[in-house]
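Only one structure is covered here, and it is reproduced in the block below.
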Amino acid sequence: MVNNQIRVRKVRVIDTDGKQLGILDLTEALRISQERNLDLVQVTEKVDPPVCKIMDYGKYLYLHEKKRKKEKKQGILKGVRISYNISSHDLETKAKMVEKFLNKGDKVKIELRLKGRERALQQHAEQKIQEFLEMLKEKTEFKIERELKKKSNNFTVIISKPKNL
């Protein structure tokens, strides 16, 4: 609730600096906020009298939305596909790419797709992914979000950066 939307007689008012101005009539609190060209925003209504803060409501909404988008943005699932016959140098390049994604805070889905006659060599494909994970372990620390899973002709594993790092 903002300014004239507040429907109580007395409110506890907090200044822009966080200093309490005390319990005031709503009209007095609105007058003070208008003198400063700011808004009176109801912070909580669970206490009696409700707590209101003098602030720029537009700026508050902007910062709140920015924070919400940042929280939503973290943890995007990035994908890296390796093939059965990938060379060791290409594997190192993919490992650097995964390391960059992990350092940004993203989750990474590592996928190995088997084609044609490669399907008969599923145990070797699992070893290839394990080898890739070992190579990654030397470069950066990660945790496995979802274990190695086989789905039709694909092997997938999802990893992320531990929260404490």
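The values are calculated or read from the model by the stated rules, or taken from the named source; none is laboratory data. Here the structure is a predicted model, which is why all the values come from computation and not from measurement. Here the Cβ positions follow ideal geometry from the backbone for every residue, glycine too, while neighbour counts run over all protein chains shown.
Mind listing just one residue for me: the one in the range 54-63 that is modelled with pLDDT of 85 or more and within 28 Å of the chain's Cα centre (by Cα) and, of those, nearest to Gly22 (Cα to Cα)?
Met55
How many residues are within 19 Å of Leu91 (Cα to Cα) and free of Cβ contacts under 8 Å to residues at least 12 places away in the same chain if we restrict to the range 131-165?
The total comes to 3.
Mind checking which residues of the range 121-165 are in contact with a helix residue (DSSP H, G or I) (Cβ under 8 Å, 6 or more places away or on another chain), part of a loop (DSSP other than H, G, I, E, B) and of a type outside the set (Lys, Arg)?
Thr140, Phe142, Asn153
Tell me which residues, restricted to the range 62-86, are surrounded by fewer than 12 Cβ atoms within 10 Å (Cβ to Cβ) and among the aliphatic types (A, V, I, L, M).
Within the range 62-86, Leu63 is the sole residue that qualifies.
Given the options Lys53, Lys59, name the one that is within 14 Å of Val2 (Cα to Cα), assigned to a helix (DSSP H, G or I) and out of contact with any Cys (no Cβ under 9 Å at 6 or more places or on another chain).
Lys59
Output the residues belonging to the range 91-114 that are buried (at least 19 other Cβ atoms within 10 Å of the Cβ), assigned to a helix (DSSP H, G or I) and either touching an Asp or Glu at 6+ places or on another chain (Cβ under 9 Å) or in contact (Cβ under 8 Å) with a residue 60 or more places away in the chain (or both).
Result: Ala95, Val98, Leu102.
Just checking, which of Glu138, Glu126, Glu147, Glu131 is under 23 Å from the mean Cα position of the chain (by Cα) and farther than 21 Å from Glu71 by Cα?
Glu147
Can you name every residue in the range 133-165 that is among the hydrophobic types (A, V, I, L, M, F, W, C) and closer than 21 Å to Ile76 by Cα?
The answer is Leu133, Leu136, Phe142, Ile144, Leu148, Phe155, Val157, Ile158, Ile159, Leu165.
Taking Val51, is it over 30 Å from Val98 (Cα atoms) and in contact with a Ser or Thr (Cβ under 6 Å, 6 or more places away or on another chain)?
When the stated conditions are applied, Val51 passes them.
Out of Asp25, Asp48, Asp39, Asp17, I need the residue that is buried (at least 16 other Cβ atoms within 10 Å of the Cβ), without any contact (Cβ under 8 Å) to a residue 40 or more places away in the chain and either more than 30 Å from Lys115 (Cα to Cα) or not charged (D, E, K, R) (or both). Which one?
Asp39
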